[in-house]
């Protein structure tokens, strides 16, 4: 596995691969790798000649009072896991490499950011879109793989690629879960013992509500599910039903793809999860 730390070298490597006619599959991460990240590597390996993974904790997407400084990091362990899983190139730039000077322009996301995670994290998706664009310019991939756990992020990136006519295919990969259903996350290690025991109820509640919505063609199960999550020890940030990928408010009568998503804040971790389905005419 080759390790690259500068944008210039990453671009040179990517250009060389393109001249050889090799496709590049890109897996952007913030590190502290788990099986969810590695499932993205598996998907990239199946579809592309070369797999590039980036590890970069992006300060631009963390707001004031959020956990940038305490975000879990394990670069040594990440290198080992990435190499064992078959990553060909590991791109690990430092903040000074990615942001050598104050940004003079930042991408402004104008649709789908005032709901779900964006409602309580103003500017977050501007930071996500900006860093993803910068990473795309460095890696120059054919395809990029994102976990469906953060469905809003996938929607924002997919729409950005269309807006700017980028020749990159965005491929969502299904949520990877623990045996009890909890969505894998780097932040799960911060859960207290009792929090970890009850956290799988988030997914269970979403599944039950999604089934009811499909059967009833109504949004009433959303309120029921929100009330059920309110019984957890964490606080419910949101539980919302949205169309996908435009993230418009849904009432359960729509056809097409629907997203039921939730976020729960625990003492030291904020967990997100969702279920998606194709809604048929009733």
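Points to keep in mind about this one:
- Taking label positions 7 Å along the Cα-Cβ direction at both residue 5 and residue 84, the computed distance is 2.5 nm, reported to one decimal.
- Sorted largest first, the spans of the alpha carbon positions of region 161-226 along the three principal axes are 45, 37, 18 Å.
- Mean-square fluctuations from a GNM of the chain, with a 10 angstrom spring cutoff on Cα atoms, peak among 105, 235, 23 at 105.
- Residue 108-residue 69 pseudo-label distance in nm [points 7 Å out on the Cα-to-Cβ vector]: 3.1
- Taking the longest Cα principal axis of the chain as reference, the axis of helix 151-163 is set at about 50 degrees.
- Taking the DSSP beta bridges with both ends in the chain, the antiparallel portion is around 50 percent.
- For region 1-114: span of alpha carbons on each principal axis (Å, largest first): 42, 30, 29
- Using alpha-carbon coordinates, inclination of helix 124-139 to the longest axis of the chain, degrees: 30
- Compared with the alpha-carbon gap, the fully stretched path from residue 268 to residue 216 is longer by 15.1 nm at 0.36 nm per residue.
- For percent of Cα pairs over 31 Å apart, computed directly from the structure shown, the correct entry in (i) 24; (ii) 28; (iii) 58 is (ii).
- Extension reserve of the residue 254-residue 192 stretch, reckoned as 0.36 nm per residue once the Cα distance is removed: 18.4 nm
- The convex hull defined by the C-alpha atoms of region 191-276 has an orientation-averaged projected area of 5.1 nm².
- Length gained when the stretch residue 179-residue 42 is fully extended (0.36 nm per residue, less Cα-Cα span): 47.4 nm
Bear in mind that the values in this text are calculations on the coordinates, not laboratory data. Bear in mind that the values here come from a model prediction, so they are computed numbers and not experimental data. When we count neighbours, we look across all protein chains shown, and the Cβ atoms used for this are built from the backbone with ideal geometry, even at glycine.
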